[in-house]
1. Please work out whether the range B:159-295 counts as rounded, prolate or oblate from its C-alpha gyration tensor, where a ≥ b ≥ c are the square roots of the eigenvalues and a/c under 1.5 means rounded, while otherwise a/b larger than b/c means prolate and anything else oblate?
2. Under 21 Å Cα-Cα from B:Lys87, which lysines qualify once same-chain neighbours fewer than 8 residues away are excluded?
3. Within 10 Å of each Cβ in A:5-14, how many Cβ atoms from other chains are there, averaged over the peptide?
4. Just in the range B:312-355: which trypsin sites (Lys or Arg not before Pro) are loop by DSSP and have at most 12 other Cβ atoms within 10 Å?
5. Taking the Cα centre of the range B:432-567 as origin, sum charge times position over the Cβ atoms of Lys and Arg (+1) and Asp and Glu (-1), and report the length of that vector in debye to the nearest 20.
6. Assigning unit charges at the beta carbon (Lys, Arg +1; Asp, Glu -1) and nothing else, what dipole magnitude in debye, to the nearest 20, does chain B show about its Cα centre?
7. Could you name the lysines whose alpha carbon sits less than 23 Å from that of A:Lys58, not counting residues in the same chain fewer than 8 places away?
8. Report, as an integer, the average count of C-beta atoms from other chains found within 10 Å of each Cβ along A:55-61.
Amino acid sequence: MKKIEAIIQPFKLDEVKEALQAIGVEGMTISEVRGHGRQKGHKEVYRGQEYTVDLLPKVKVEVVVSDGRVDEVTKTIVEAARTGKIGDGKIFVLEVLEAIRIRNDDRGESVL
Amino acid sequence: MQSVGPSPYPTPPYLSAASDALISLAGRANRVDHLVEQAGGELLFPTIPEGLALVSVGGYGRRQLFPFSDIDLLLLCRNEELPRDRKPEISAFLQKLWDSGLRVSQSVRTPDECLEVHDQNTELNISLLDQRFLAGDRPLYAALSKKFPRFVQSNRDALMRNLVRLTRERHAKYAGTFYHLEPNVKETPGGLRDLQFVRWMEQLRDADTTRLTTPEAPDDLQQAFRFLARLRSALHALAGRDRNLFTFDAQDALADNGEAKDVAAWMREYYRHARAVNRAAMRSLEVWDAQSSALFAQFVGWRSRLSNSDFSVHRERVHFRLPQQMESAPELVLRLFEFVARHGIRPSSEAANQMEPRLGRLREYFEEPRNVWPALNRILSQPNAPLAVRSMHETGVLFALFPGLEQIECLVVRDFYHRYTVDEHTLVAIQNACSAPGAYGELLRELPQKGLLLFALLFHDAGKAVSDAASGYEGHVEASLMAADAAMRRIRMPAQDRDTVSFLIRNHLELSSAMRSRDLADPKAIHDVAQIVGTEDRLKALTVLTYADIGAVNPSVMTPWRSAQLWRLYLAVYRELTRELAEERIAESAARPGAELLEGLPVRYLRTHTDEEIAEHVALEVKSQARGVAVDIRSLEAAWQLTVITGDRPGLFALMAGTLAGFGMNILRAEAFSNRRGQVLDTFVFADPARTLELNPSEVDRLRATAERVILGKLDVRELLKNRPKPKPPSRKVRVPAAIRFDDEASATATLVEIMAEDRPGLLYDLASAISSSGGNIEVVVIDTQAHRAIDVFYVTAGGKKLTVEKQASMGEELRKVCAPA
């Protein structure tokens, strides 16, 4: 099992969700996050007050899938989330050791 | 082992009333009594004949045992050693009760411990108010029951303070409202716990030395209790455990079981009862506030001086002096709410009762088209407008005034995010707008008409009842618009204000939708939003509205993340609007025939002016052709406006600003636009602090003539200013630091000079003069003042081009001198 963590642009969330649902990925966790990658922050001026916006708002989508589906799922996310511009985000794939359904203590891939 | 006779704490009257739910509550208590006495008789008292008594407390003590409620049992022990020495017997006893299916929540205390104030365990103190002897050492219990009323009396304040604190904490957990879509029938404001709270407070307040009395509950509370008790029993039965959340699923399941025919109607009934309970609880809290603090009492005394010929203030409540006047002058009701909005004091329950029978008459009165908007606008513009609107809702006056809003009363629209009924959502949104923090609060203060924003919020979801099911998520917007439009025409709101309100309602989802689905870094996306919004004022109002609306969905939706996103969108659109001010001009093709004046003015001009105003400007331009200048001065609602049209000449804007300063006028807003033919259209909105123009109509003519002479070069503006007294140096402790910024990116053709400085008379003249004298030509100006802060934006060129770096440096130097005179 792998966990796929995608940090994407907030306005791409609906598209990514729909694309994942279309390929049968139902469960996911969404969080509102802030951060920056190589797209560093910038200075904003409003009415003479200057301030730095160094952490930009992003959305984190987390899904856990069986090893066999990793390529398909990451490809789907990339396609749905890409604008081709700086700031599109990143995807990380992590190893998952165990999955447990709290309700009935089921374990393994059947939980997904 | 026997149950002893009538306890000194009689059963509350609403419990003795016949009702199936109540009989079953008391019935369960009786059955549990029997089990407890039996287990005690078997396992405790044979070996512990004295020194231990069983006392039921809390809900069990008052014989209100819901099917799966915990059993609150006090094991009253003579001393602290007994529970240790007799642990095996006590454990066996409790285990037996658990085995019989009772969830026992026991406390083991000595009489002395029961007679202490437990600040950390108020529940224990309070549960003892409903004590009832069950079995065991009777003299031991008698000692407690003899001392208890005296204990209550001498610690009344501490007990009440703790109880009030607990209640307030509980209310805060539910955002202080009973209009939850999925309420907890026990804990939510207006629930069973509040009903107990009211009774406890009266019990504590009336405690005398000999016995505690249980006050009679008024009819509406008895009905509410029966309704809530029945509902809670049904919820327990449905879940098979102590579950008090009245979820959508539970609403449907219980309706299927035959508890109700129509879920929506049932929920409305729920809210009606919850409202009665909530009102009683709030009253109880207020009485406590009034009694508990000397400072508060003084304050209340001071507040009673606010009384006037229509209203009197007693105990922090507004009363009608002559309620019968409502018959002949129904507007009195609106003045009452204006008083509420101004001073933040609620109407008394007497006032509410006096209005209630007259609501039908009020409704008839307001059904006729009448000029009600000025009175309503005064209410909505006051600092405590949210309280006034809420009071209008509570007393039913809101619906008498706007029957169109009745459709959303207690309306449940089920979705995953909404926590409140639609009317409560509306009230919370109004509250949110008025208490918006930080930058959003600033935006609110900058709005020229807060009343319009609040009016838009009042109606933004008015169409929720009719059309969402039929036409999808945003389908209610059209219905809301229609309801608002009918209401606005009836109260004779001016056309321009109606436009603003309709704009806000029509677009109330626009910014949240852009936040969700548009790339805020994409200029095209921002341009699109700017096109919809049109002007900075509308952007500000829409931003505050969006902030308020999102936060009113439920308290956790407006996360710092979202708030930052909305602000980012605001900034981007604001910048786009100021950029296009300098760049986007009305093209020949767009200009109307005969209105060559318009060609080359910023596109925004068309959006910020009505057709009538444009026609007037065109007429003024015709007038200007004879003498090269035309000036119009007129009085607005709370200010004056001067419009001038003339051929452009260097320093013109400064001259006009100087002329107004020379007359002692205080400039609030200004715009300067020039068209392709080199004509200038300047508009100044100014205040007349000494009321010179109002009191001396001839001064209006003199100002007009003076302005024309200054423009034509026949009079030196410096002569005018010489006679003015020098402005006093600011004495305020809070100084506004000056900030000057040059921006070459903002426009393709001009340099933006943004100046924020402490406002003072003549400031604009000095700034404009400094720009002109440093060789700058002012192309476009937008001036705004908030409190004592001036925010001035100039688009400046020199020789038709942007300012060079050197020019910026020297001009900046001059401007700084003006902003901070030594």
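Read the figures in this text as sums done on the coordinates, not as results from a lab. Remember, it's a predicted structure, so these values are computed and weren't measured experimentally. As a convention, Cβ positions derive from the backbone with ideal geometry for all residues, glycine included, and neighbour counts pool all protein chains shown.
1. prolate
2. Cα-Cα hits under 21 Å: B:Lys96.
3. 3
4. B:Arg321
5. 280
6. Its charge dipole is roughly 1840 debye.
7. A:Lys2, A:Lys3, A:Lys12, A:Lys17, A:Lys40, A:Lys43, A:Lys75, A:Lys85, A:Lys90, B:Lys524
8. 2
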